[in-house]
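To start, the structure itself, in structure tokens.
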Amino acid sequence: MAWINALEGTTTNMLQDDIDALKNLGKLLGTSDIDGQISQIELTQDFLEIQLKNAEEEKQKNEKLYQKLGSIVGLGLVVILI
């Protein structure tokens, strides 16, 4: 219960899928043998690594968009002032 409350009370930029994966990990830890727990941790780690890769790709895409948008706005201001 404390694990779920802590995850829900965080003010991070984690997606709901990320929080759900961590909640499921917390529920499953301690309910199976060591090999099962290690397997679940590895699955969660793989999922979060994929999520991280997707977030980095999204960041790069948005970064280019904002750079172009800033250039266009700057050029627009120059044209208006001239």
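For the chain, the longest principal axis of the alpha carbon atoms and the long axis of helix 34-81 meet at an angle near 10°. In plain terms, the chain from Asn13 to Gln51 could stretch by 12.5 nm, reckoned as 0.36 nm per residue minus the Cα-Cα distance. For the chain, the tally of Lys pairs with Cα-Cα distances below 30 Å comes to 8, considering only residues 8 or more apart or on different chains. Estimated from helical segments only, the mean residue ellipticity of the chain at 222 nm is -29000 deg cm²/dmol, where each DSSP H run of four or more residues counts as -39500 (n - 2.57). Across q = 0.15, 0.23 Å⁻¹, segment 2-81 modelled as identical point scatterers on its alpha-carbon atoms has Debye log10 I(q)/I(0) values of -0.68, -1.06, in the order of the q list.
With a 10 Å cut-off between alpha carbons and a GNM built on the chain, which of Asn62, Asn54, Asn13 moves the most? With Cα springs under 10 Å in the chain, the top fluctuation among Asn62, Asn54, Asn13 is at Asn13.
Each reported figure results from applying straightforward, stated rules to the coordinates on display, with no laboratory input. Remember, predicted model here, so these are calculated numbers, not experimental data.
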